[in-house]
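Each remark here refers to the structure printed beneath this line.
Derivation of every value follows stated rules applied to the coordinates shown; laboratory data play no part. What you see is a predicted model; the values in this text were computed from it and never measured. No Cβ is skipped: glycine too gets one built from the backbone with ideal geometry, and neighbour counts run over all protein chains shown.
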Amino acid sequence: MCEELKLIIEIDGESHEIENKWYKDKVRQRELEEMGLTFLRFTNDEVMTDLRNVESILEYWIEDHI
C-alpha cells in the first residue's frame, strides 16, 4: 500500500480460488474503496511471467494520478 497515492497493490495467487477467498477479498476491497483507496490487482502468474507489463501498468497509473 502507498498511503500517499491511496493505492493498494494486490497479488492474487491460487489461494484465492479456495474457500471463496475471492469473495472475502471483494468485500474488503469495496470497503476500502469507499474510504477513497484504489486497488490494482495482478495474478501471481502476471508477476512471475510478465513483470515488465505489471511495471508498465503501475508506472502509467502513478503518472496519471500524480
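Quick notes
- Test result for D25, part of a helix (DSSP H, G or I), on the phi < 0 side of the Ramachandran plot and surrounded by 11 or more Cβ atoms within 10 Å (Cβ to Cβ): yes
- Test: residue in the range 8-18 that is part of a helix (DSSP H, G or I), out of contact with any helix residue (DSSP H, G or I) (no Cβ under 8 Å at 6 or more places or on another chain) and not polar (S, T, N, Q): yes
- Candidate set from the range 35-46 (those that are free of Cβ contacts under 8 Å to residues at least 24 places away in the same chain and of a type in the set (D, E, K, R)); member that is nearest to I8 (Cα to Cα): E46
Results for (1) touching a Lys or Arg at 6+ places or on another chain (Cβ under 7 Å); (2) touching a residue at least 24 places away in the same chain (Cβ under 8 Å); (3) aliphatic (A, V, I, L, M), shown as yes or no for each residue.
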| residue | (1), (2), (3) |
| --- | --- |
| E14 | no, yes, no |
| D25 | no, no, no |
| E33 | no, no, no |
| M48 | no, no, yes |
| L51 | no, no, yes |
| S56 | no, no, no |
| D64 | no, no, no |
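- Scanning the range 31-46 for residues that are more than 20 Å from E4 (Cβ to Cβ) and surrounded by 15 or more Cβ atoms within 10 Å (Cβ to Cβ) yields a total of 3.
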